[in-house]
Each structure stands twice: as structure tokens, then as C-alpha cells.
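Read through the structure below, which is laid out as C-alpha cells, and then see the notes.
No value in this document is a laboratory result; all are computed from the given coordinates. Computed from a predicted model, the values in this text were never measured in an experiment. Cβ placement follows ideal geometry from the backbone for every residue including glycine, while neighbour counts extend to all protein chains displayed.
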Amino acid sequence: MDQLNMKATALIAYMYNRYVIDPAGLDQIAPPYRKTVKTGVLAMQNNFVSTNLEENIPARSRGDTSYVVEKGDIFAVCLRDPNNGDRVDLEANTLTFVMIHELTHSFTPTYGHDQAFWNNFKFVLSEA
């Protein structure tokens, strides 16, 4: 969990410095998308709190593996592989991908997996 926290914090800091602190960073973004990027990065910066990151056990959450509550009140990530005796999944790339997916929910103002979410997810992944 500490590694996911460090990766999430580093990604948010990188994007914050690139697109909020350095206004020239937004020049690389297509004009219609600049406001979305800046607003999304600020939302991630404001909504991700390390103490809100927790391990999820799917049996306790109606089968959901990972989720975000209210854009950041809880970031729950499943670390265990149900196909391997619920042992901790050591595949760092998979867990990082899941964490970026959940961070994108705080980046995106809408809820769920609409087209805006998928566009933003693609962008956040490209920044990771």
C-alpha cells in the first residue's frame, strides 16, 4: 500500500507542477482541453489524501475490487489475488494501473465510466 501511495503522490505532484505551477505546461494541451486538465489536476491534488487510501477486501464490498467514494473520501484498492489464495498480488504494474484508474475518478467531475472518464484516464495514463 505504501508503494501505491508513493506512486500516486508522485504522479499528482508531477502533474501539478507540470500543469498548474508551470503555466507553459498547458501550452502542450489542445486549447479545448486545457481547462479540463487544470481542473482535473487540481481536483486530484485536493482529493487524494494518503490516509484515505485503504485495502479493499472484495467479500466485504459486494464484490467490487477497487473503488473511490465521493471523489476521494475513500480510495479502496484490492491488493489480493482471489485466484491465488488471496495472497497479496505482487504485480506492481497491475496495481499501479488500478490506482491510476481510481485517481482518474477524482480527476473527472462526472461519476462512473462515461466517455469523459475514459478520455481522462487515457490522458492520466500517458502522464504516468
| If you add up the charges near Phe123, with Lys and Arg at +1 and Asp and Glu at -1, over every other residue whose beta carbon is less than 14 angstrom from its beta carbon, what do you get? | +4
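Please state the relative contact order of the chain as a whole percent: Cα pairs under 8 Å, 6+ residues apart?
Relative contact order comes out at 24 percent.
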| said: Between the stretch 1-35 and the stretch 103-119, how far is it from one alpha carbon centroid to the other, in angstrom? | reply: 16 Å
| What is the packing order of peptides 27-33, 13-19, 102-108, taking the mean over residues of other C-beta atoms within 10 Å and listing the highest first? | 102-108, 13-19, 27-33
| message | From the helices alone, meaning DSSP H stretches of at least four residues, give me the mean residue ellipticity at 222 nm for the chain, per-run term -39500 (n - 2.57), in deg cm²/dmol to the nearest 500. | response | -15500 deg cm²/dmol
| message | Under 17 Å between alpha carbons, and skipping anything fewer than 8 positions from Lys35 in its own chain: which lysines qualify? | response | Lys122
